[in-house]
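Some notes on the structure that comes next.
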Amino acid sequence: PPGSTFKIVTAAAGLESGAITNETRIEDVGVIRIGSFSFPNWFFLQYGKRDGVLDVTDALKRSNDIFFYKTAEFTGMEDLEATAKKFGLGNTLGIDLSGEAEGLFPNDAWKREAIGEQWYLGDTYHIGIGQGYLLTTPLQVNTWTSVIANGGSVYQPTVIKTQKAKAKMQNFLKKETLVLIKDGMKEACASGGT
């Protein structure tokens, strides 16, 4: 599982689908409880504190789990999966080395077949923060980070210096999506960020 690095993809899925906007505000309540299950924010779990009301940029800055649980819920697994696949998850990226792994973007059909259980909201929450059954490779993490840095394109990776990079998917994110995510990533590295 890629952990909080996946929040970039969750943010993009929410923004691109319209499930969230730059105006969306979600309150960090510390812990979301569903029946007997608890889904805490890391800050509350480790320090007993909350981040307050957050927009997407603030949520990326603070790597706020509550915001991304709810964003995944609002977005829905279908849109989250479609966006993740555009970023290269669940398939090989085609690097010129043998043995590249695909990773796994799980869904209800996969869980029923592999585990014999239905998909629950808690599974969606776990995916939203890059946990649970989600599996990625370091190359995939690098690729989705590169998509934000380069303006929204997925390139086929190569290790051969003379090989020209081939775009697999170009400019598939709105400019506003890129700006909001970049701002959050920059703020994560600044004072007060994670």
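The values are calculated or read from the model by the stated rules, or taken from the named source; none is laboratory data. Bear in mind that the values here come from a model prediction, so they are computed numbers and not experimental data. Backbone-built Cβ (ideal geometry, glycine too); neighbour counts: all protein chains shown. The area values use the complete protein model at the heavy-atom level, side chains included, leaving out ligands, DNA and RNA. Shrake-Rupley method; radii C 1.70, N 1.55, O 1.52, S 1.80 Å.
Summed over qualifying helices (DSSP H, 4 residues or more, each -39500 (n - 2.57)) and divided by its residue number, the chain shows a 222 nm mean residue ellipticity of -13000 deg cm²/dmol. Mind checking which of Tyr125, Tyr155, Tyr47 has the largest fluctuation in a GNM of the chain, springs on alpha carbons under 10 Å? Result for the chain, Cα springs under 10 Å: Tyr47 fluctuates most.
Pairs spanning more than 23 Å between alpha-carbon atoms, out of Lys49/Lys70; Lys7/Lys166; Lys85/Lys175; Lys7/Lys86; Lys61/Lys174: Lys7/Lys166. The mean of 1/r over all distinct Cα pairs in the chain, once inverted, gives the Kirkwood hydrodynamic radius of 17.2 Å. Within the same chain, aspartates and glutamates fewer than 8 places from Lys161 are excluded, and of the rest, those with a Cα less than 17 Å from its Cα are Asp96. The residues of the chain expose on average 51 square angstrom of accessible surface per residue, using a 1.4 Å probe on protein heavy atoms.
Amide hydrogen proximity for Tyr155: with H placed 1.01 Å from N in the peptide plane, the residues at 5 or more positions away or on another chain lying under 5 Å are Lys168. Sorting the segments 13-19, 174-180, 116-122 by their residues' average number of neighbouring beta-carbon atoms within 10 angstrom, most packed first, yields 13-19, 174-180, 116-122. Taking all protein chains as they are arranged and a probe of 1.4 Å, the heavy atoms of Asp58 leave approximately 50 Å² accessible to solvent.
A cut-off under 13 angstrom between Cβ atoms defines the neighbours of Trp110, and their net charge, with Lys, Arg +1 and Asp, Glu -1, is -4. Here the accessible area of region 41-194 is 51 percent carbon and sulfur, with a 1.4 angstrom probe and all protein chains present. Its Cα centre serving as origin, the chain has a Cβ charge dipole (Lys and Arg +1, Asp and Glu -1) of approximately 580 debye.
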